[in-house]
1. What about residue 183, is it within 16 Å of the ligand (Cβ to nearest atom), buried (at least 16 other Cβ atoms within 10 Å of the Cβ) and under 22 Å from residue 250 (Cα atoms)?
2. Looking only at helices (runs of 4 or more DSSP H) that lie completely in the range 262-342, which have at least 2 residues being among the charged types (D, E, K, R) and out of contact with any Pro (no Cβ under 8 Å at 6 or more places or on another chain)?
3. Could you tell me whether residue 32 is buried (at least 24 other Cβ atoms within 10 Å of the Cβ), away from the ligand (no atom under 11 Å from the Cβ) and within 25 Å of residue 164 (Cβ to Cβ)?
4. Test residue 69 against the stated conditions and say whether it is farther than 19 Å from residue 300 by Cβ, near the ligand (Cβ under 9 Å from one of its atoms) and not assigned by TED's automatic domain parsing to the domain that holds residue 173.
5. Criterion first (within 12 Å of the ligand (Cβ to nearest atom) and either touching a Gly at 6+ places or on another chain (Cβ under 9 Å) or closer than 13 Å to residue 322 by Cα (or both)) does residue 172 satisfy it?
6. Are any of the residues in the range 107-123 within 16 Å of the ligand (Cβ to nearest atom), more than 30 Å from residue 262 (Cβ to Cβ) and crowded, with 19+ Cβ neighbours inside 10 Å?
7. Of the conditions (1) in contact (Cβ under 8 Å) with a residue 24 or more places away in the chain; (2) more than 11 Å from the ligand (Cβ to nearest atom); (3) among the charged types (D, E, K, R); (4) closer than 20 Å to residue 297 by Cα, residue 63 satisfies every one except a single condition; which number is it?
8. Pairs, please: C-beta under 6 Å, at least 6 apart or cross-chain, first residue over 14 Å from residue 67 (Cα atoms) and in the range 21-44, second hydrophobic (A, V, I, L, M, F, W, C) and near the ligand (Cβ under 9 Å from one of its atoms)?
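The values are calculated or read from the model by the stated rules, or taken from the named source; none is laboratory data. From a predicted model like this one, the values you see are computed outputs, not experimental measurements. Virtual Cβ from ideal backbone geometry, glycine too; neighbours counted across all protein chains shown.
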Amino acid sequence: MKNIALIGCGRISGKHLESISQLKNDLKLVAVCDIVKERAKDAGEKYGVDWYTDYQKMLECDDIDVVSICTPSGLHPEHGIAAAKRGIHVVAEKPMAITLEGADQLIHTCDQEKVQLFVVKQNRLNTTMQLLKRAVDKNRFGKIYMIQSNVFWQRPQSYYDMTKWRGTWEFDGGSFMNQASHYVDGIQWLIGPVESVIAETATLARHIETEDTGSAILKFRNGVIGTINVTMLTYPKNFEGSITILGEKGTVKVGGIAVNHIDKWEFEEYDDDDRLIEESNYNPPNIYGLGHLPYYQNVIAALKGETEADTDGRSGRKSLELIIAIYKSAQTGKKVALPLKL
Ligand SMILES: NC(=O)c1ccc[n+]([C@@H]2O[C@H](COP(=O)([O-])OP(=O)(O)OC[C@H]3O[C@@H](n4cnc5c(N)ncnc54)[C@H](O)[C@@H]3O)[C@@H](O)[C@H]2O)c1
């Protein structure tokens, strides 16, 4: 049994707290924290645990083995490092940081303190994405030519106005860093390392510092050409969150609003997985999907030493590096090669 605490009782925290409460045999929620007193108190009272408004105090006072970090993205390294230094394992929401320096400090501290670092990439665990990954791993596509991801969602101005950190370079990043980060992660998880990127981004309608819209063209080391198109301005609501792979012997589009529906699944050769298409489709209650529960199941198994982390710090860093390369290209107008030089 591991004692777990959570920092940041905002929108995504509910997914964490629900998942933790479903895993009672392995995880015991002991404390929650938010700088907004009512949020900390509400969550603490709902789950019957200690609540704090100062995370340092929480880390000092409670007996904690694992901490989940659900604060604004730019604060993840600070909060993760404070926990790691007390020998506490870290589950960081995505993105793990918004700079590579922040990510590296977090990874380094967790290594030094011999604690595990998990970065939440729950979309990889969608039944649809797992099927697609298996098809790639079984080489069912033959030579893969192209991968495309579209994130055509809607975030009204009121979403950005809800809290000060949204749409800022210091704490959030733009639509690539926040909303599309699972998709950037997904395509490099499926295809492999990216060699170079060219991108355009723009702030077309929202009053924010960062981009609400952008496109990137990627060249993967294995020759595959990829594109990612992202906008938070889709009229009138979230329309598509998809990944399409086009190969020599197969074409697949995992679409729906958030890669929750297989729109196209066609291969030259039959595989028993072909019979699982219908049952892999699901209707998520929201775009966060259903992946937090299986994500925590992996955290538990990894902490018991039974398996590897689904997404550890180094794996989480890869998509962060790609997003930063996209930003660098958009800012300079130049093609950017990976890995980035720090
Ligand atoms: N995995 C996913 O699909 C997914 C979905 C949504 C959000 N997220 C990530 O989760 C994080 C939080 O997003 P959100 O939408 O829940 O934001 P939010 O603004 O709703 O919640 C953040 C909470 O952190 C609190 N906070 C800020 N500074 C703090 C501090 N120093 N100590 C304690 N609490 C503090 C805020 O008061 C707020 O309640 C972001 O990194 C975001 O990218 C991930």
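1. Judged against the criteria, residue 183 is a match.
2. 277-280, 313-332
3. No: the conditions fail for residue 32.
4. no
5. So residue 172 fits the description; yes.
6. Checked the range 107-123: at least one residue is within 16 Å of the ligand (Cβ to nearest atom), more than 30 Å from residue 262 (Cβ to Cβ) and crowded, with 19+ Cβ neighbours inside 10 Å.
7. Going through (1) in contact (Cβ under 8 Å) with a residue 24 or more places away in the chain; (2) more than 11 Å from the ligand (Cβ to nearest atom); (3) among the charged types (D, E, K, R); (4) closer than 20 Å to residue 297 by Cα one by one, residue 63 breaks only (4).
8. Matching pairs, first to second residue: 39/9; 40/9; 40/33; 43/9.
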